[in-house]
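First comes the structure, then the notes that go with it.
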Amino acid sequence: MNKVLLLAEVLTVASAFIVAFHPNVLYASVFLLFTFCGVAAMFLFAGADFLAGAQVIIYVGGVTILILFAIMLTQWLYNIKLSDIRNKMLLPGVLAIAVGVFLYRALHQMVATLPPQTPEALEKFSSTPKTALIGQALLGSYLLPFEAITILLLGAMVGAVWLARPE
Amino acid sequence: MNHLIQFSSSLQGYLAVGAILFALGIFCVMTRKNAIGILLGIELILNAAGINFVAFSKFRTGLIDGQIVALFIMLIAAAEAAVALAVILRFYRLKQTIDADEASIMRN
Amino acid sequence: MFPILSVMTYIPLLGMIAILAAPRNNPNLVRWISVVATAVPLALGIYLYMSFDRTTPAMQFVEQFDWIKPFNIQYYMGIDGLSVPMVLLTLLLSFLCVIASWGIEDGVKGYYAMFLFLETGMMGVFCALDFFLFFLFWEIMLLPMYFLIGIWGGKEKVYAAIKFFLYTLFGSVLMLLVMVGMYYYSEPHTFNLLQLAQGHQFVGKTVALFGYQLPVDKLFWIGLFIGFAIKVPIWPFHTWLPWAHVEAPTAVSVILAGVLLKMGTYGILRMNYPILPEATLWASNFMMILGVINILYGAFCAMAQKDLKKLVAYSSVSHMGYVILGMASFTTAGVNGAVLQMFNHGTSTAMLFLLVGVIYDRVHHRWIVKPDGSKGFGGIASVVPVYTGIMAIGLFASLGLPGLSGFISEALVFLGAFSNPKFQTYVVIGSLGILLGAAYLLWMFMRVFLGPLNEEHKDLEDINWREILTLAPLCVLVIVLGVYPMPVLNLMGSTIAKLLTLFS
Amino acid sequence: MAQQALLIALFPLVAFVIQALFGKKLPRHGDFVSVLAIFGSFAVATPIFMKLLTQGHVFDTFEVSWMTLPGIEASGRLNSSVNLVVGVLINNITAIMLFMVTLCASLIHLFSVGYMHGEERYHLFFAYISLFSAGMLGLVLSDNLLTFFMCWELMGLCSYLLIGFYYKKPSAINASIKAFMTTRVGDTMFFLGIAGLYYVYGTSNFMAIYKAIQAGVAHDITIAGFPALTLIGFLVMMGTVGKSAQFPLQVWLPDAMEGPTPVSALIHAATMVAAGVFLLIRMFPLLEASHVVLPVVAYVGAITAFLAACIAIVQVDIKKVLAYSTISQLGYMVMGVGVGAFAPGFMHLITHACFKACLFLCSGSVIHSVHTQDMREMGGLKSKMPITFATMFIATLAISGVPGFSGFVSKDRILGGALAYSMEHHGHYLIPLLGFATAGITAFYMFRMIYMTFFGHARDEHKHHHAHEQPLTMTIPLMILAGLSFAIVFAGPTGIESVDHVMPVKWFDQALEGAQQEMGIAEHLSPEAEAVHHQAHGLALMLSLAVAGLGILISSITYLKHLINAEAIKKMVGPLYTLLWNKYYFDELYLGVLIQKGLLNFNRMLAMFDDKVVDRIFVDGWRDVTMVIKSFIGKFDDIVVDRVMVDGTADVTAGGGWIVRQFQTGKVQQYLVLTVMVIIVALFYANLGLK
């Protein structure tokens, strides 16, 4: 079972590398799709069944497709711009590695400050279906952020429509 | 190999993946000239954040709060993608390019 | 009790909202909304003038309640004899400027919205008695002014607007520092201006800066003074003024010269004087010198100007010098004269700016002498006799001709300042300003209105009824106050008397 | 009485308002409004004057509070800390002045109706002269220096408006601005004097000041290191110097001839310039309180009288001659006040007002008739304009100091006073010397004018042919004013004291004595001084008769009989003539050197300084400073950061430009790189902290 998780993680990281480095944006966005799938799998293994589903639906089904559409709408497929001319990469690379290392170290140190769960508890957590719990939480203690998000989404939608309107 | 499998299913494994994704996202955002490429990087960063939340939710708190935050991130990401793409489309119509360096009318 | 001050302050704001909601294609509706939104506060202002109790130095029409409790910030409005003339001036000039702006065609909605917003800011500054509230209104005012100059201005409007903005912001930063400092050094912590003025709270306290123990009250005084000096403007902080005046549209110039400049001196009288009397006395000599410099420097510069509006702008610098001179004299006549001069300069300069605007609307230039050395105008008195007559009144009021308002205030300032034995030499030097004032204004009058007619302008239209309507109230004020100034003087007398007890 | 007297000033003021607002629409352009108003004033002033004549003394005051500014006493009670009371003061001097001013002004108004007929802006002319009269009358009525000063300035305004009445003529507007500015120099100092008096005595009321001076208050106060009373005395004197065109501010008055002739008459005779001397009369106790001021006043007057008289010799413009004679005569008055001959000084003010008004109106009549002001184009007008000639001749006799005429009385007394003064205070011989010289020169140039204008043959036939006598509205004023130029009106049939014992006219001397007592300056001479004075007056009588006779004689020889060729003399004294013709180059000094070269250049420099230094360097300079810092950082970046950390950061500072631009390349990604760098640094620190 854990081998599958490892596989998912490898898939995620590898395709993320391609996303970051592939000169062609079209390819990069296709591989982003794989990254999203890998992350969805990781969610599943972390006991987040609902989230995994949402990840697939929203990212894989929504965002990635949207991006692909945008690429096709804006650029002729073989446009020279499509094979993305990169900015200077060394300093950003160094910075990115530093960020990654520091982030990991910081999080790692945080791990020690919280008590670990017992294996039984982990097992129980993984096996509980989350959809109902999330639903109750969203309409209970998280109602206000939830409403805020809905308004944000509405606003974003209106804004996007207005921005993309024909002249 | 076992060691790796062990690591991958631990909290640290999740954190490592999150950190790598985050770093790659940052890198992507910093280096891509293409506006859509930058958007890709942002998606990576957001996913990295989501992974961390979910991981802490399972391995440390045992509550679903982390998952709810991850859900919110996802929703915001969707909204952001929609708006960003609309902006890009508009920008493309304006300048016939989506080179982010061209988007410098904010300069002084 | 009816919160008259708040109502007066926020009606223009309501007007602004109404304007924003108004349809874009109906500029006349916007204009009429503005007229109403300024006329109603003006009517209330007249009521205020009638019912104001002139015998007491206390705050009147007070509205006070807690606003931000943890920091002891209050919503505290009230007026005394210092504020009333300024409030009335603000209301009157705003109303007149709305009418004077009738000719604005581009972006009518935005223009009037900004204008009304500006009025709210100005009213708030003159009514606020809480430092925090005061600062808030002070900053509010900045924003519409920036846009009014930057959008509806002349050729170099952006430069002028940014210059104005940065200058004022610099002053605001100092004021903010002092505000925070006063809050922390007062006991109990408060922003209430009346409480701050009690018990000489800041005397003797020191603060360590750059390794020196510096007296807090003097630091506060300097900070506030620079903040206000920029608004006045006191030399050498005056260079934004010619730019802003020249580039701003007519009505904005009027407001700028008529009201905004007074905020500086009003602020000094409202804050520096009562809160930091010891430091004020300490700095009085310095203020006196700056006043004299202002008078002479402004006058000399005005004489060299080739642009009508710039000339009037520099004359403002000169005239505000009299205010400083009177304020720093600490005599009854001097300070009363200074406040009266604030009012009178408001009316007479407003007239001059409106008049310059009238001619600019007709010929689209304001050159006394064009940059190529040829005459800009000349002899137009025969073409526009009524305009010339009104201009003469404004001009003579400005140069301090007896019988017109400028004289009374200047005379009081000089009588007062001369009665303080410390400053007699300064007054003698400053009196040169009277002479120079006449020189540059009459020279301008001669070059523009008299002499052989410049054929370029032989078809000039005379002033129309709408323009006369904006000028007539000011004309009447200038003449009436020139003959009998008590209607304004008795408003402020008792307040100033109380203020001066701090310095005797 | 004082309250009614207020009407005297109010009538013309109301007329001004009516004329200014509606004059154009009234029938006849409203000239009758102004004329009626001034006659109304005359009607009110006459009873006051009559009362003076019959009772020998009038005194009344009327006061209202004008401005009160409260102060707070130590007890916390409000009091009036500043209380400016204004009002009317009627005393003997006022009564005489009021009568004289209203009379002259009325006649000048009447004359103007004929003279200005058909002019453009006819209604405004009457509005202005009404305001002018109102100003002068208000000044005379004032019982305090503040309203006095206000009216004083009001007249300055009117002179500006009236001199520049022909506003299309550049010379006229130049003259108007010159008049206003020159007098304002004096006015400013005068105002400082008022402020000084207010500081010293806390009041500006004449009677209160007289009382305080008599009581010896404030004799030891100093202002800016100077004894207060001396300083104030000089400042007040400067007011007179400006307004009455005394040396060194005399330059404006001749140019003021650019105005219409009735205006010249009004300015020169009854109103504006008289106001200056009137100020000296009013403030005499103050001048006397300091021992330094009066001699200076005397010298100023004497020098002015002489210099102006000299210039008048070479003038060919009939009005210019009269203008310089005015300055010269004003110099006499000032000199009279300066030597302590207070009453004669005032008397000369009155007599001069009458005969000078007459002279100006006569010259106006001549100009109106021949349409030129140049005397060289006149001549032989005696037969054509008999009334004008007769009246002008009488006035000329008066100004020249011929016994039997009013000018003789006052001038002789002033000269006597000057002589007595120099005999009492040894060393001041220049004052009477200049005085007598001027008397001779005056007689000379006045007769020169008469001869050139009315006698001889017509030098311009065409103009002579068209000359005609004026209508009655213009000649009646001339006759009345000429009638007042006889000595009998003021002193006696001849004006010589020893002769007039037979038929003395005492009203003027009595009135002045009363006034002097009120002001606390009544003379109490010791017997020796009395003797000196007596002796001096006797000597002065002889001398003044002699010099006047000499002047008339030389004038007659030269211009009537042509026994001496004036042109030849002119050539002989070439440089002197040039100097006089150019008025001692005062105009060039003031206008050319002080104003054009000095003031205007200074202004230009200062404006440049303001623009280039204060604004560009001090203010906009901050931008440059930040730019320098920016470029320094940019270099640092290029050399250090770029080489050490290789390429990446070069883009951060790639943008150049203004202050803001340094931070705003507009490229989001560069912002991000910076942000991330900062984050890393922060994380680095955070990690260290955690370890």
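The values are calculated or read from the model by the stated rules, or taken from the named source; none is laboratory data. The structure displayed is predicted, hence computed values, not measured ones. Cβ coordinates were reconstructed from backbone atoms using ideal geometry, including for glycine residues, and neighbour counts include every protein chain displayed.
Can you find even one residue in segment D:517-528 that is β-branched (Val, Ile, Thr) and at pLDDT 80 or above? Looking for residues that are β-branched (Val, Ile, Thr) and at pLDDT 80 or above, one finds none in segment D:517-528, hence no.
Yes/no per residue for (1) more than 20 Å from residue A:60 (Cβ to Cβ); (2) surrounded by fewer than 24 Cβ atoms within 10 Å (Cβ to Cβ); (3) among the β-branched types (Val, Ile, Thr):
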position: B:71; (1), (2), (3): no, no, no
position: B:79; (1), (2), (3): no, yes, no
position: B:85; (1), (2), (3): no, no, no
position: B:89; (1), (2), (3): yes, yes, no
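Tell me, please, whether a residue that is in contact (Cβ under 8 Å) with a residue 24 or more places away in the chain and assigned to a helix (DSSP H, G or I) can be found in segment D:218-226. Within segment D:218-226, none of the residues are in contact (Cβ under 8 Å) with a residue 24 or more places away in the chain and assigned to a helix (DSSP H, G or I). Could you please let me know if residue C:85 is part of a helix (DSSP H, G or I) and without any contact (Cβ under 8 Å) to a residue 12 or more places away in the chain? In short, no. Cβ-Cβ contacts under 7 Å between residues 6 or more apart (or on different chains), taken from a first residue in segment B:37-53 that is in contact (Cβ under 8 Å) with a residue 60 or more places away in the chain to a second residue that is surrounded by 24 or more Cβ atoms within 10 Å (Cβ to Cβ), are listed as B:38/B:29; B:38/B:32.
Report yes if some residue within segment D:498-505 is part of a loop (DSSP other than H, G, I, E, B) and at positive phi; otherwise report no. No, every residue in segment D:498-505 fails to be part of a loop (DSSP other than H, G, I, E, B) and at positive phi.
Can you tell which of D:404, D:380 is out of contact with any His (no Cβ under 6 Å at 6 or more places or on another chain) and touching a residue at least 60 places away in the same chain (Cβ under 8 Å)? Reasoning before the result, please.
Values: D:380 fails: out of contact with any His (no Cβ under 6 Å at 6 or more places or on another chain).
Answer to the selection: D:404.
Out of D:488, D:496, one residue alone is surrounded by 14 or more Cβ atoms within 10 Å (Cβ to Cβ), more than 30 Å from residue D:61 (Cβ to Cβ) and at pLDDT 75 or above. It is D:488.
All of B:42, B:73 fail the test of being β-branched (Val, Ile, Thr), over 23 Å from residue D:677 (Cα atoms), under 11 Å from the mean Cα position of the chain (by Cα) and at pLDDT 85 or above, apart from B:73. Of the helices (runs of 4 or more DSSP H) lying entirely inside segment C:421-486, those containing at least 1 residues that are at the interface with chain D (Cβ under 7 Å from one of its Cβ atoms) and more than 23 Å from the chain's Cα centre (by Cα) are C:424-430, C:432-449. The number of residues in segment A:96-127 being facing chain B (nearest Cβ under 9 Å) and either among the polar types (S, T, N, Q) or more than 30 Å from residue B:24 (Cβ to Cβ) (or both) comes to 5. Scanning segment D:77-131 for residues that are within 22 Å of the chain's Cα centre (by Cα) and either among the aromatic types (Phe, Trp, Tyr) or in a loop (DSSP other than H, G, I, E, B) (or both) yields D:99, D:125, D:126, D:128. Within segment C:223-238, restricting attention to residues that are in a loop (DSSP other than H, G, I, E, B) and in contact (Cβ under 8 Å) with a residue 40 or more places away in the chain, the residue that is surrounded by the most Cβ atoms within 10 Å (Cβ to Cβ) is C:232. Taken together, D:615, D:620 contain a single residue that is under 30 Å from residue C:233 (Cβ atoms), acidic (Asp, Glu), modelled with pLDDT under 75 and crowded, with 17+ Cβ neighbours inside 10 Å, which is D:615. Is it the case that segment C:201-213 has a residue that's crowded, with 17+ Cβ neighbours inside 10 Å and within 21 Å of residue C:137 (Cα to Cα)? The answer is no, given that none of the residues of segment C:201-213 is crowded, with 17+ Cβ neighbours inside 10 Å and within 21 Å of residue C:137 (Cα to Cα). Considering (1) over 30 Å from residue C:490 (Cα atoms); (2) touching a residue at least 60 places away in the same chain (Cβ under 8 Å); (3) of a type outside the set (Phe, Trp, Tyr), the lone condition that residue D:63 does not fulfil carries the number (1).
Scanning segment C:129-165 for residues being farther than 24 Å from residue C:6 by Cα and free of Cβ contacts under 8 Å to residues at least 24 places away in the same chain gives a total of 5. All told, residue C:504 falls short of being more than 10 Å from chain D (Cβ to nearest Cβ), under 30 Å from residue C:285 (Cβ atoms) and out of contact with any strand residue (DSSP E or B) (no Cβ under 7 Å at 6 or more places or on another chain). Screening the candidates D:196, D:156, D:186 for the property of being assigned to a helix (DSSP H, G or I), buried (at least 24 other Cβ atoms within 10 Å of the Cβ) and within 7 Å of chain C (Cβ to nearest Cβ) yields one hit, D:196.
Being of a type in the set (Gly, Ala, Ser), surrounded by fewer than 24 Cβ atoms within 10 Å (Cβ to Cβ) and within 30 Å of residue C:385 (Cβ to Cβ), is that true of even one residue in segment D:161-171? Show your work before the answer.
Here is the first cut: in segment D:161-171, the residues of a type in the set (Gly, Ala, Ser) are D:164, D:171.
Filter once more, so that each one left must be surrounded by fewer than 24 Cβ atoms within 10 Å (Cβ to Cβ): D:171.
Narrowing further to those that are within 30 Å of residue C:385 (Cβ to Cβ): D:171.
So far as segment D:161-171 goes, yes, one or more of its residues are of a type in the set (Gly, Ala, Ser), surrounded by fewer than 24 Cβ atoms within 10 Å (Cβ to Cβ) and within 30 Å of residue C:385 (Cβ to Cβ).
If you filter segment D:159-183 down to residues that are more than 8 Å from chain C (Cβ to nearest Cβ) and among the β-branched types (Val, Ile, Thr), you find that the one that is nearest to residue D:264 (Cα to Cα) is D:163.
Could you list, in sequence order, the residues of segment C:280-313 that are farther than 25 Å from residue C:424 by Cα and within 13 Å of chain D (Cβ to nearest Cβ)?
First pass over segment C:280-313, keeping only residues farther than 25 Å from residue C:424 by Cα: C:302-313.
Matches in segment C:280-313: C:302, C:303, C:304, C:305, C:306, C:307, C:310, C:311, C:313.
Checking the structure you have, find out if any residue of segment C:226-240 is among the hydroxyl-bearing types (Ser, Thr, Tyr) and at pLDDT 85 or above. No, segment C:226-240 contains no residue that is among the hydroxyl-bearing types (Ser, Thr, Tyr) and at pLDDT 85 or above.
For residue B:48, the criteria (1) within 7 Å of chain A (Cβ to nearest Cβ); (2) touching a Leu at 6+ places or on another chain (Cβ under 6 Å); (3) at pLDDT 85 or above hold in every case but one, which is (1).
The single condition among (1) at pLDDT 85 or above; (2) buried (at least 17 other Cβ atoms within 10 Å of the Cβ) that residue D:70 does not meet is (1).
For residue C:390, state whether it is among the hydrophobic types (A, V, I, L, M, F, W, C), touching a Phe, Trp or Tyr at 6+ places or on another chain (Cβ under 8 Å) and surrounded by fewer than 24 Cβ atoms within 10 Å (Cβ to Cβ). First the steps, then the outcome.
Details: among the hydrophobic types (A, V, I, L, M, F, W, C): yes; touching a Phe, Trp or Tyr at 6+ places or on another chain (Cβ under 8 Å): no; surrounded by fewer than 24 Cβ atoms within 10 Å (Cβ to Cβ): yes.
It is false that residue C:390 is among the hydrophobic types (A, V, I, L, M, F, W, C), touching a Phe, Trp or Tyr at 6+ places or on another chain (Cβ under 8 Å) and surrounded by fewer than 24 Cβ atoms within 10 Å (Cβ to Cβ).
Listed by position, the helices (runs of 4 or more DSSP H) inside segment D:381-474 whose residues that are among the small types (Gly, Ala, Ser), surrounded by 20 or more Cβ atoms within 10 Å (Cβ to Cβ) and in contact with a Ser or Thr (Cβ under 8 Å, 6 or more places away or on another chain) number at least 2 are D:386-400, D:406-424, D:430-454.
Which residues, taken from segment A:2-54, are in a loop (DSSP other than H, G, I, E, B) and facing another protein chain (nearest Cβ under 7 Å)? Listed by number, the residues that qualify are A:46, A:47, A:48. Scanning segment D:259-309 for residues that are outside any helix (DSSP H, G or I) and in contact with a Gly (Cβ under 9 Å, 6 or more places away or on another chain) returns D:259, D:260, D:271, D:283, D:290, D:292.
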